[in-house]
Amino acid sequence: MRTTNLVLIEGLPGSGKSMSGQRLTLQLDRLGVPARWWHEEHPGHPLYPFSDEASLNGSLLTMGGLW
């Protein structure tokens, strides 16, 4: 079995990424494998580059505006 520290799931909006991640986390938990599901916008996410809402909004503004 591979030792994996991070699994990324990507896809179109509404394609089931969050559901897949949550189900994977539950299955790993059932198998006794420690896992945590992170939504992409949660602070503390391993790939979340913003320290606070102000830095997020500043980056969005430089990309053309808030969503």
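The values are calculated or read from the model by the stated rules, or taken from the named source; none is laboratory data. Treat the numbers as computed from the prediction; the structure is a model and nothing was measured. Every residue, glycine as well, gets a Cβ built from its backbone with ideal geometry; the counts of neighbours run over all protein chains shown.
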For residues in the stretch 19-49 being surrounded by 12 or more Cβ atoms within 10 Å (Cβ to Cβ), at pLDDT 90 or above and not hydrophobic (A, V, I, L, M, F, W, C), which is farthest from residue 60 (Cα to Cα)?
-> 29
Just one of the numbered conditions (1) at pLDDT 70 or above; (2) on the phi > 0 side of the Ramachandran plot; (3) surrounded by fewer than 10 Cβ atoms within 10 Å (Cβ to Cβ) is not true of residue 16; which one?
-> (3)
Failed item in (1) among the aliphatic types (A, V, I, L, M); (2) at pLDDT 75 or above; (3) in a helix (DSSP H, G or I), with residue 60 passing the rest = (2)
